[in-house]
Amino acid sequence: MNTSVRTTGRLITAALRALLVLTVVCGVLYPLAVTGAAQVLFPDKANGSEIEHDGKVVGSSLIGQSYLLPKKDPDDPEEAARIDPRWFQPRPSNGLGSNSVNTQYSLILSGATNRSGDNEELIQWVKDAKAAVVKDNSVPGHRVDPEDVPADAVTSSGSGLDPHISPEYARLQIHRIARHNDLSAERVRELVREHTSGRILGFIGEPRVNVLELNIALRELTGEEPSGS
């Protein structure tokens, strides 16, 4: 019996020692080493790729934002959101939902629609989004051709938080932006060209425009304050 107790005691002691060592190595030293290396080598990325403007953080280059007009009735959950016509708009975010687990905070969750290409609800979303894009971006003297509406203007990304839009979608918004900010269409077109990034290494991915960075540049031109969220 005594031998059995001693053996059990040694096993428990060895297990506790292993737990202590692994906790220190994996739970303290390794995270500190990785965090330290990230802060030294990639401080911008390690801190969330934050974008600052006028001395304050206005967002992240990795996460999209919406630019909407305030609700006429903030207490009406059925009131449809209206885009702020002064600013470039991101992709739709149909995959997002409000937090139903922690009711203390009304958080927004990342996610896709998880609907197949032949899903009737998804098809209707795309049709409604296309009609809205045509309507919102058509101004006197310039009507958007429905055939010119790119796919990213009417569909959300896999995460629903894509910070980029295609150059085609950015160019489609030029006339609306110019009209509502009292700018020439050519000046806005130049702004889009300046903020269009090419393929990574020349062949990976597609050309893209970061909406937040583009709107910051637009703000510098106009002096207006975005009503984005």
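The peptide list 205-213, 39-47, put in order of mean Cβ contacts within 10 Å with the highest first, becomes 205-213, 39-47. Remark: C-alpha extents of the range 2-43 on the principal axes read 57, 7, 6 Å, sorted largest to smallest. Kirkwood radius and radius of gyration were both taken over the C-alpha atoms of the chain, and their ratio Rg/Rh is 1.17. For the range 1-85, the average shadow cast by the Cα convex hull is 13.0 nm², which is a quarter of the hull's surface.
Note: relative contact order over the range 49-222, using C-alpha pairs below 8 Å and six or more positions apart, is 23 percent. With the highest mean first, a sort of the peptides 59-70, 173-184, 11-22 on other beta-carbon atoms found within 10 angstrom per residue produces 173-184, 59-70, 11-22. Here the gap between VAL24 and ASP54, fully extended at 0.36 nm per residue and compared with their Cα-Cα distance, gives a gain of 6.6 nm. Multiplying the residue separation of ARG10 and LEU41 by 0.36 nm and subtracting their alpha-carbon distance yields 6.7 nm.
Coordinate-derived values only; no laboratory data. What you are looking at is a predicted structure, and each value in this text was computed from that prediction instead of being measured. Note that we place each Cβ from the backbone using ideal geometry, even for glycine, and neighbour counts take in every protein chain shown.
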